[in-house]
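Working notes, beginning with the structure itself.
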Amino acid sequence: MTTAELQQARTALKALQAPDKPLSKAERFRQLLPDIEEQIARNVPHADIIAALAKVGLPMTESEFRNALCRERKRLRKKATPHEASQTPATPATKPAAQPQQPPRGDHRQQRDRPINW
């Protein structure tokens, strides 16, 4: 194969386009999430949001809606939280001053020899 043919083959391969794949229900929900969150912030009932989504071709049950909402919120929180390794301080941490040890609340061992105060 000559360099001209090789270049022509590369150009032909780059011109190919992948067939459009329909978006999954989760991907469509993810795209609409900012609008859904806005409606929830405005105290619109979930049932009304679910009905509106069904009208535009995204039918969901109430449990599907809540699961998707929870899953996407969790994904966004995880994405927004930096990795723990990047949170480690560059300088060594100093030990805090020792505080007197207090027994946990509800520890009745200290009351053992005292009369009961009803």
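Every number here is computed from the coordinates shown, using simple stated rules; none is lab data. Only a predicted model underlies this, so the values are computations on that prediction, with no experimental measurement involved. When we count neighbours, we look across all protein chains shown, and the Cβ atoms used for this are built from the backbone with ideal geometry, even at glycine.
With the simple model of a label 7 Å out from the Cα in the direction of the Cβ, Arg66 to Met1 spans 5.7 nm. Straightening the chain between Leu16 and Leu76 buys 18.2 nm, computed as 0.36 nm per residue apart minus the Cα-Cα spacing.
Overall shape: oblate for the stretch 23-79, with the ratio a/c of the largest to smallest alpha carbon gyration tensor axis at 1.5 or above and b/c at least equal to a/b. Each residue of the stretch 11-23 was assigned a 3J(HN,Hα) from its phi angle through the Karplus curve 6.51 cos²θ - 1.76 cosθ + 1.60 (θ = phi - 60°); the sequence is 4, 5, 5, 5, 6, 5, 10, 6, x, 5, 9, x, 6 Hz, with glycine and proline shown as x. Beyond 29 Å in Cα-Cα separation lie the following of the pairs Lys14/Lys78; Lys21/Lys74; Lys25/Lys74; Lys25/Lys78: Lys14/Lys78.
Most tightly packed first, judged by the mean number of other beta-carbon atoms within 10 Å of their residues, the peptides 3-15, 36-48, 60-72 read 60-72, 36-48, 3-15.
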